Amino acid sequence: VPKNITDLGMFISGLAPVKIDGKWGFIDKTGTMVIAPQYREIPTGFSEGLAAVRGKKGLAYIDKTGTMIISIKNDYNSTFVDGTALVKVKSRWGCVDRTGAYLVPADYRMMRRFSEDLAAVQDTAELWGYAAKDGSVAIAPTYNAVQDFHEGLAAVVKGGKPFFIDKTGRVPFLTPSTVTELGSFAAGLAPAKVGDKWGYIDHSGSMVIAPQYEDASMFFGALAKK
């Protein structure tokens, strides 16, 4: 490892960011400098073959040879996940692909990553809906709060009432009126809060595990943290 390194990050995808003389570059696991120190900041490591870096001209994404693939005016240091990266431009959020082309224009007050091909977005009225990867509005922003899609359903809140919607915005079943909070589906079950206790409902809206827990999480495999 070069002796003049003053700071370094973790190895991700075989490369680690290092700081030399106030500039950042990358070394490999042999300690060889593979991308010369030239950046003001390396906010994240490599993800899906690209890393975010900041230089004199702002944020860019480089590949493992140091070639700049994307240059974009972005106020947020986002990694690529499933071929997309969130961007924030002048306090508005959108999403780009690996070429830097906008999938979703930076028009939203807030935006989350895609889950099952839909991304939660918040409009300027602070209402939530969902955008598709072609930039179209898949489900109009009408909700006070939303969660990501899992197993084809997403928990939303409107007028203080929690319920599930499918990818068309349709309500597939009636949520018990006693439920005050919902989690996401996994393994066919979703956490549901009644009073101050949590249980689980299934895809029909039936309470299959009675509310009895102080807290509840999504199932992972056959288990859930309670």
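The values are calculated or read from the model by the stated rules, or taken from the named source; none is laboratory data. What you are looking at is a predicted structure, and each value in this text was computed from that prediction instead of being measured. So basically every Cβ, Gly included, is an ideal-geometry build from the backbone, and we count neighbours across all protein chains shown. What goes into the accessible areas is simple: the full protein's heavy atoms, side chains included, and nothing from ligands, DNA or RNA. Shrake-Rupley method; radii C 1.70, N 1.55, O 1.52, S 1.80 Å.
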Taking Rg and Dmax of the Cα atoms in Å straight from the coordinates, which label in (i) 16.0, 48; (ii) 21.7, 65; (iii) 18.0, 61 is the correct one? (ii)
Near the amide H of residue 38, under 5 Å away, which other amide H atoms are found, from residues 5 or more places off or on another chain, if H is placed in the peptide plane? 24, 25
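Tell me, what is the per residue accessible area of region 99-226 in Å², probe radius 1.4 Å?
Accessible area per residue, region 99-226: 50 Å².
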What whole number of Å gives the distance from the Cα centroid of region 136-196 to the Cα centroid of region 20-97? 35 Å
Ordering of 29-40, 104-115 by burial proxy (mean other Cβ atoms within 10 Å per residue, highest first): 104-115, 29-40
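Would you mind getting me the FRET efficiency between residue 63 and residue 109? Use the beta-carbon distance for r and R0 = 35 Å, nearest 0.05.
Details: r = 32 Å, r/R0 = 0.91.
Plugging the Cβ-Cβ distance into 1/(1 + (r/R0)^6) gives 0.65.
Quick check: at a probe of 1.4 Å, how many percent of the accessible area of the chain sits on carbon and sulfur atoms? Could you put the intermediate results ahead of the total?
On the way: 6240 of 11600 Å².
Heavy-atom surface of the chain belonging to carbon and sulfur, 1.4 Å probe: 54 percent.
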Over 22 Å between Cα atoms, which of 3/57; 56/90; 57/90; 19/57; 29/88; 73/167 qualify? 3/57; 29/88; 73/167
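For region 37-82, report the accessible area per residue in Å² (1.4 Å probe, heavy atoms, rounded to an integer).
Working: 2380 Å² over 46 residues.
Per-residue value: 52 Å².
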Give the cross-link partners of residue 161 among the lysines, using a straight C-alpha distance below 30 Å as the criterion and excluding same-chain residues fewer than 8 apart. 133, 193, 197, 225, 226
